[in-house]
Amino acid sequence: MVPKRWARRAVTRNTIKRQVYAIGQTTQPTLASAAHVVRLRFGFDRQKFPSATSDALQAAVRRELLELFGQVPAV
């Protein structure tokens, strides 16, 4: 779930969710078999990322997700 306060537009929230699913699938073999909750640390400002599907936004989301999934204990 991505709240509106962190990403105002639905297309931005959907892009973030797709990134979460993609990173989750690639790191799944190393994760413990459990439910994982992903919580954003900060919002994605529309001024900084004018396009919801821009490469800059996807790179920022991917970078944060890789950092977060890197903190999860391995199996």
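Under the 0.36 nm per residue contour assumption, what length would be gained going from the current alpha-carbon distance of Arg18 and Ser51 to full extension? Provide the component values of the computation, followed by the final result.
Details: separation 33, 0.36 × 33 = 11.88 nm, distance 1.57 nm.
Taking 0.36 nm per residue and subtracting the Cα distance, the gain is 10.3 nm.
Enter the angle in degrees (range 0 to 90, nearest 10) between the Cα long axis of helix 10-27 and the first principal axis of the Cα atoms of the chain, meaning the one along which they spread out most.
20
Given a Förster distance of 25 angstrom, what is the FRET efficiency for Glu67 paired with Ala35, based on the Cβ-Cβ distance and rounded to 0.05? Don't jump to the answer; show the numbers that get you there.
On the way: r = 20 Å, r/R0 = 0.80.
Once rounded, the FRET efficiency stands at 0.80.
Enter the angle in degrees (range 0 to 90, nearest 10) between the Cα long axis of helix 55-70 and the first principal axis of the Cα atoms of the chain, meaning the one along which they spread out most.
The helix 55-70 is inclined about 30 degrees to the chain.
Can you tally the net charge around Val61? Count Lys and Arg as +1, Asp and Glu as -1, for every other residue whose Cβ sits under 12 Å from the Cβ of Val61. All intermediate terms of the calculation are to be shown ahead of the outcome.
On the way: positive: Arg13, Lys17, Arg18, Arg41, Arg62, Arg63; negative: Asp55, Glu64, Glu67.
Its environment carries a net charge of +3.
Counting only helical runs of four or more DSSP H residues, what would the 222 nm mean residue ellipticity of the chain come to if each run contributes -39,500 (n - 2.57) and the total is spread over all its residues? Mind showing how you got there, number by number?
Details: 2 runs with 34 residues, N = 75.
So the calculated ellipticity at 222 nm is -15000 deg cm²/dmol.
Below 8 Å, C-alpha to C-alpha, sequence gap of six or more: please give me the relative contact order for the chain in percent. Mind showing how you got there, number by number?
Numbers: 52 pairs, mean separation 33.8, N = 75.
Contact order relative to length: 45 percent.
Bear in mind these aren't lab numbers, they're just calculated from the coordinates by the rules spelled out. Here the structure is a predicted model, which is why all the values come from computation and not from measurement. Quick reminder, even Gly has a Cβ in these numbers, built from the backbone with ideal geometry, and neighbours come from all protein chains shown.
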